Amino acid sequence: MDERKSRAWREVDLDALAHNARALQAALAPGCRLMAVVKADAYGHGALPVARRLEREGVGAFAVACLDEGRALRRAGIGGRILILGYTPPEEAARLHRWRLTQTVADEAHGRALAARGVPLEVHLALDTGMHRLGLPAEDREALARLYRLPNLSIRGVFSHLCVSDRLDEAAGGFTQKQLQRFYGAVRWLKEQGYDPGETHIQASYGIWNLPPQPCAWARAGIALYGAASDGGPTRRALDLHPVLSLRARVATVRTLAPGEGAGYGLAFRAGRPTRLAVVTAGYADGLPRALPQGGGAVLLAGRRCPMVGRMCMDQLLVDVTDVPQAAPGAVVTLIGRDGAERIGAEEVAGQCGTITNELLSRLGARLPVVTCG
């Protein structure tokens, strides 16, 4: 089935993805390798086609959020390291072992509970260097030593996460440096005590953009891998990254309104002139923020920008196509991506809704099929 005949779909440019992987790898320190973050269905891009293409490009490690995401990759034949970044209940230890998944140790109690299941597991230790999310306090050397002495846990790596590396102000830079000092201090102590820290990693996308290359084994690229930034803010390094995803839908019908007539729920749109409204086959059940029309959302149709109007519905939205005579049932509409000389970036759409690109893309619904090219 040609999914481009659907009511709405995601187009994923795998050549752009491969290009981004090469550009990010080139930005890393010698010996540091790219770990592709493919959680949340690869940020809405389709985890399986993304992982398959990246594996062909030589990427040997993937990061997911949960056991089921990792299992899906293994069942599809993805090899290499698959690291679960989130918490997995210790009761799932046997499944972690079965699917050869590397589990993050969220804190000392989590590590002890995993070890107590009596199943050999490969793990990475998360170190809390100041974000206070998951992780063992990096300065708690005694707890680190206790974890290394536990049975059944093979510690293959140590990592942390930088929580303000997306900002360039002096205060954020100072805090990031403190996080780096805590992290490398813990790694250095482990080596001094004869404990192998294994594969270290602390850079994510903004750590790659805004920090010098780090002396680690891996760098975890998420949003940057997909050719997008979380927002429109500046970065220290300009990397040649290409957007990977486009979001398309179709015109279902075109209505003609007289001046003063209303349309949509609550008749929230009122025509101020003779108006042609296109009903577009995508809505908030597809993952689009319901507030997008009120935030200035638009679509591209025949290479022209057309404003969204009224209230978004679960399965449709309304677009003013008065100035686009080509608008007709079946016409393709672009919500994210390029049409002719015009482009709507994911960053623009996210900003119109007061969120970040990461959330916008990862919320794109499963009923939107993925169409790959490249």
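The values are calculated or read from the model by the stated rules, or taken from the named source; none is laboratory data. All values derive from a computational prediction rather than experimental measurement. As a convention, Cβ positions derive from the backbone with ideal geometry for all residues, glycine included, and neighbour counts pool all protein chains shown. Quick note on the areas: whole protein, heavy atoms, side chains included, nothing else; ligands and nucleic acids left out. Shrake-Rupley method; radii C 1.70, N 1.55, O 1.52, S 1.80 Å.
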> Say we look at segment 130-183 and pick out the residues that are among the β-branched types (Val, Ile, Thr) and outside any helix (DSSP H, G or I); which of these is nearest to Ala204 (Cα to Cα)?
Replying inline: Val164
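Let's see how each residue does on (1) of a type in the set (D, E, K, R); (2) touching a helix residue (DSSP H, G or I) at 6+ places or on another chain (Cβ under 9 Å); (3) more than 26 Å from Ala366 (Cβ to Cβ):
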site: Arg276; (1), (2), (3): yes, no, yes
site: Ala285; (1), (2), (3): no, no, no
site: Pro289; (1), (2), (3): no, yes, no
site: Met308; (1), (2), (3): no, yes, no
site: Thr322; (1), (2), (3): no, no, yes
site: Arg338; (1), (2), (3): yes, no, no
site: Ala346; (1), (2), (3): no, yes, no
>> So, in segment 37-53, how many residues would count as being open to solvent by 20 Å² or more (accessible area, probe 1.4 Å) and either within 13 Å of Arg10 (Cα to Cα) or part of a strand (DSSP E or B) (or both)?
In response: 3
> Say we look at segment 96-139 and pick out the residues that are over 25 Å from the mean Cα position of the chain (by Cα) and open to solvent by 60 Å² or more (accessible area, probe 1.4 Å); which of these is farthest from Ala186 (Cα to Cα)?
Replying inline: Arg98
> In segment 21-36, how many are surrounded by fewer than 24 Cβ atoms within 10 Å (Cβ to Cβ) and within 16 Å of the chain's Cα centre (by Cα)?
Replying inline: 2
>> List the strands (runs of 3 or more DSSP E) inside segment 265-346, counting only whole elements, that have at least 3 residues being in contact (Cβ under 8 Å) with a residue 60 or more places away in the chain and open to solvent by less than 20 Å² (accessible area, probe 1.4 Å).
In response: 332-339
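Residue by residue, here is whether (1) aromatic (Phe, Trp, Tyr); (2) surrounded by fewer than 16 Cβ atoms within 10 Å (Cβ to Cβ); (3) more than 20 Å from Asp107 (Cα to Cα) holds:
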| position | (1), (2), (3) |
| --- | --- |
| Arg141 | no, yes, no |
| Ser154 | no, yes, no |
| Gly157 | no, no, no |
| Lys178 | no, yes, yes |
| Trp189 | yes, no, no |
> Would you pick out the residues in segment 230-254 that are within 28 Å of Leu301 (Cα to Cα), in a loop (DSSP other than H, G, I, E, B) and open to solvent by 50 Å² or more (accessible area, probe 1.4 Å)?
Replying inline: Asp231, Gly232, Asp240, His242, Pro243
